[in-house]
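Before any comments, here is the structure.
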């Protein structure tokens, strides 16, 4: 079994040989702050547009594929400026108050993270747009599952889970309502719950029988689902990364898991951490050359007292300080 600690240590060793461009990172962090309102608007618009699109599909209306690709193109265009552009929004609990928006937010988050993984794989602009657009639609079959099952807080019965397992097929039925859908949408919709060891569904496909885009979405979809901020059944990003790593070589493609770790990191923007100084802070930006040593905004000092004014620490410039562990916001 692949261990998270081994992969993170190897990544750290690889990155430590590279000299971080400190001035560049300072400028980048400042620009990220300035761009936040625009990122928030693009993110909010994507969720709203996808919600309208899916509601039309739910009602049996025929729609144009350009409605999907338009959302994807805006996301990809923004991500090419910075691969970490939307991570702080994806990990912000205050944006997830409406339960009925879960599906639309989940699909947008999955599309953003999948496109990022595509960037890490060196995909072309056309491939990125196709991957992103297909990911936006990966769970449209859920529209045909009763909400009381989707949002059931307790364990599903066998009958209920069997119904859930039909959503890839339901998704293909709804895809027929889209004129000129994304090229890879059918494969992503139908195969994103398949696993490389044949334990997935709906057909138990193995290895190369599963498309590359579906393999990417299978990793991202699991991570997003378990870390998605909501009132119940949520784990912090660090634990979500561990879950993905534990499934490497059995459920997920190892090379894709490694690429996933190189950009998502165990401590993405928006996550909370405890430093070895006993200070507590929030990750505000990533040092691309040293992803395990992000920029932290400390708001609780080593004595447990909340600071009147948070102070920012760049761990790439502070060799004495390090992250001891990730924290759940409910701990704060």
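Just so you know, all these numbers are worked out from the coordinates, no wet-lab data involved. This is a predicted model, so every value here is computed, not measured. Note that each Cβ is placed from the backbone with ideal geometry, even for glycine, and that neighbours are counted across all protein chains shown.
General observations
- Convex hull per residue volume in Å³, alpha carbons only, for segment 233-330: 101 Å³
- Fully extended contour minus Cα-Cα distance, from residue 157 to residue 62, at 0.36 nm per residue: 30.8 nm
- Whether segment 76-215 is rounded, prolate or oblate, judged on the alpha carbon gyration tensor where a/c under 1.5 counts as rounded: oblate
- Pairwise centroid distance, computed over Cα atoms, of segment 110-166 with segment 175-245, Å: 6 Å
- For the pair residue 169 and residue 45, a Förster radius of 22 Å applied to the C-beta separation gives a FRET efficiency near 0.10, rounded to the nearest 0.05.
- By the count of neighbouring beta-carbon atoms within 10 Å, fewest first, 167, 138 end up ordered 167, 138.
- Exposure proxy ranking, count of Cβ atoms within 10 Å, fewest first, for 249, 67: 249, 67
- Residue order, fewest to most beta carbons within 10 Å, for 209, 247: 209, 247
- Each of the peptides 139-146, 45-52, 58-65 was scored by the mean count of other Cβ atoms within 10 Å over its residues; in descending order, highest first, they stand as 139-146, 45-52, 58-65.
- Where labels lie 7 Å past Cα in the beta-carbon direction, separation of residue 100 and residue 73 in nm: 3.1 nm
- Measuring between their Cα centroids, segment 265-332 and segment 64-89 lie 28 Å from each other.
- Here the label points at residue 243 and residue 197, each 7 Å from Cα along the C-beta direction, are separated by 1.7 nm in the simple model.
- Here the extension length gained between residue 147 and residue 309 equals 54.0 nm, from 0.36 nm per residue of separation less the Cα-Cα distance.
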